[in-house]
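Participant: Dropping a structure here in structure tokens format, bear with me for questions.
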Amino acid sequence: MKKTILLSAMTMIIAFNVSANEFPEWRMNPQAELEDGLIAGVSCVESMGDMTLDMDVAAMEARASLAASLEAMVQKDLETNRTSEKKKIVTADRKDNVVTTTITAKSTTKQLTNQLMKYTWVSESVSVEKDLDEYLCTRVVAKLPEFVVE
């Protein structure tokens with residue numbers, strides 16, 4: 001556990017650029033220059049004057065962006081279990097069709113996304129000075145999930 005925290009801190013220090021005048025390319029394309037098998041989420045927040053707070057907020061928002069991407073991907077790749085049952089009900093004065101549909105992939109998707117989010121890390125942070133404003137852009141990365149069909 002201590003090694004993981006130390007490694008994360010060292011990676012963050014190494015990946016943190018002091019200052020730039022342009023936003024990084026990965027701001028608009030989170031997947032830019034990433035190794036195969038990785039997925040990223042990005043956030044650029046306006047500086048609040050406290051670098052620690054800026055880093056926390058940017059990382060949190062980047063993780064939220066990554067979680068949304070992961071959830072969409074997991075939901076797309078998982079088979080949804082759909083069952084439908086049709087019944088015709090006939091009463092004295094009318095006929096009604098009743099259809100019951102059950103979908104069970106949603107809770108599995110959320111559970112998988114939550115598990116995958118435990119294994120994310122900040123790969124890069126860049127402080128950008130644009131006009132009179134200062135921003136902190138952060139990219140959070142995770143390994144792409146692999147789905148094995150049994």
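Participant: Where residues in region 110-136 are of a type outside the set (A, V, I, L, M) and closer than 12 Å to Ala40 by Cβ, which of them is modelled with the lowest pLDDT?
Facilitator: Per the criteria, the residue is Thr120.
Participant: Within region 17-54, track down each residue that is under 18 Å from Met117 (Cβ atoms) and either more than 17 Å from the chain's Cα centre (by Cα) or surrounded by 15 or more Cβ atoms within 10 Å (Cβ to Cβ) (or both).
Facilitator: Within region 17-54, Pro30, Leu34, Ile39, Ala40, Gly41, Val42, Ser43 meet the criteria.
Participant: Tell me, please, whether a residue that is out of contact with any Asp or Glu (no Cβ under 7 Å at 6 or more places or on another chain), at pLDDT below 90 and more than 30 Å from Leu132 (Cα to Cα) can be found in region 47-67.
Facilitator: yes
Participant: Could you tell me whether Leu78 is modelled with pLDDT of 65 or more and of a type in the set (A, V, I, L, M)?
Facilitator: Criteria not met by Leu78.
Participant: Being more than 18 Å from Pro24 (Cα to Cα) and touching a Gly at 6+ places or on another chain (Cβ under 7 Å) is the requirement here; does Ser69 meet it?
Facilitator: Yes.
The values are calculated or read from the model by the stated rules, or taken from the named source; none is laboratory data. Note that the coordinates shown come from a computational prediction; the quantities given were computed from them, not determined experimentally. As a convention, Cβ positions derive from the backbone with ideal geometry for all residues, glycine included, and neighbour counts pool all protein chains shown.
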